[in-house]
1. Amide H to amide H under 5 Å from HIS175: which residues, 5+ apart in sequence or cross-chain, H placed 1.01 Å off N in plane?
2. Karplus couplings for the range 208-225 from phi (6.51 cos²θ - 1.76 cosθ + 1.60, θ = phi - 60°), rounded to Hz, Gly and Pro as x?
3. Here is the link list: LYS153/LYS234; LYS3/LYS109; LYS44/LYS234; LYS3/LYS64. Which ones come out longer than 29 Å on Cα distance?
4. For the chain, find the longest principal axis of its Cα atoms and tell me its angle to the long axis of helix 60-74, 0 to 90°, nearest 10.
5. How far is helix 110-125 tilted off the main Cα axis of the chain, in degrees rounded to 10, range 0 to 90?
6. When the chain is modelled as a GNM with alpha-carbon springs shorter than 10 Å, which of HIS221, HIS129, HIS168 fluctuates the most?
7. Compute the label zone of LEU202 within the range 91-122: residues whose backbone N is under 17 Å from the point 7 Å along Cα-to-Cβ.
8. Mind running the shape call on the range 196-257? Use the C-alpha gyration tensor, a ≥ b ≥ c as the square roots of the eigenvalues: rounded below 1.5 for a/c, prolate if a/b tops b/c, oblate otherwise.
Amino acid sequence: MDKVIVVTGASSGIGATLAREVGQMGASVVVAARREAELQAVAKESGANALAIVADVTRREEVKRIVAQSLARFGRIDVWVNNAGRGLSRSVEQLTDEDLDEMMLVNVKSALYGIQAVLPHMKERKRGHIINVSSMLGRIPFASVRSAYSASKHALMSLTANLRVDLHAAFPDIHVSSFLPGVVATDFGLNARHGGPDSRALPYAQPVSEVAQALAELIEHPRAEAYSRPGYQKQVADYYSAEDVAMIESRPPFVNR
Ligand SMILES: NC(=O)c1ccc[n+]([C@@H]2O[C@H](COP(=O)([O-])OP(=O)(O)OC[C@H]3O[C@@H](n4cnc5c(N)ncnc54)[C@H](OP(=O)(O)O)[C@@H]3O)[C@@H](O)[C@H]2O)c1
């Protein structure tokens, strides 16, 4: 794979696994996150060229630095994956202002910073691919304990679609994608604000290797949206085509999740 690929949130989980996967396929990989030791370890396994950049994506200047350092090293960016993110475990009734602000900052503004930092370069080249890692919870709110997280991923879905529409006519070779995993067996649950269930312990958790492969496939074959499992799109369609949404919400998988 002859591409320069930047992955945010690549010190663990989906981002780290994707970086290793595409690095081993020959891509030149830039991994970014805050934990330096973990990041360096991932970079070592992500192909000979991999570059680790310690950065906090909730800070616009640091995201701009990821772009600058990537271009200084590789001269171009073909694919930018806004993958960094965090969960939250609280019902709507319990949410504080700080809870909602943190979710919007780490899951939405971080991606917006990435989009706005890399887009001038992609427009200049008239090509590129921006992937925003969303979630099934960005489409159907089936886990009420993840309320504000789910709301933030819905917001991310909207920004992604709006950007795609804006670029479509003038920049047909700049692709903008949403990637939607379900539950994935990573540290996501452990890292969630206010703790909560460990994603890896949930029986329906998808192995992270499968999710990274689906993401790598989206890089090879760009399209507007990709789910990490084939059946997920139908679940979304069923939810939105229901005559009575409350009926669907009263049945598993909505109940007690
Ligand atoms: N696991 C799931 O069930 C699941 C399901 C659907 C969608 N997703 C989405 O998949 C993405 C990856 O999550 P994961 O499952 O791989 O969880 P994870 O193992 O907790 O990974 C999250 C990554 O984001 C990075 N990150 C968090 N805040 C950051 C910040 N301020 N600046 C830079 N990097 C930051 C973390 O690195 P540092 O802490 O080193 O900064 C880490 O590398 C997220 O967007 C998540 O919402 C996950």
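1. Result for HIS175 returns GLY128, HIS129, ILE130.
2. 5, 4, 5, 5, 5, 5, 5, 5, 4, 5, 5, 5, 6, 10, x, 8, 5, 9
3. From LYS153/LYS234; LYS3/LYS109; LYS44/LYS234; LYS3/LYS64, over 29 Å: LYS44/LYS234.
4. Once rounded, one gets 40 degrees.
5. The angle comes out at about 40 degrees.
6. HIS221
7. Only 91-92 fall inside the zone, counting backbone N under 17 Å.
8. It comes out oblate by the Cα gyration axes.
The values are calculated or read from the model by the stated rules, or taken from the named source; none is laboratory data. Because the structure is a prediction, the values reported are computed rather than measured. Glycine also receives a Cβ, built like all others from the backbone with ideal geometry; neighbour counts cover every protein chain displayed. What goes into the accessible areas is simple: the full protein's heavy atoms, side chains included, and nothing from ligands, DNA or RNA. Shrake-Rupley method; radii C 1.70, N 1.55, O 1.52, S 1.80 Å.
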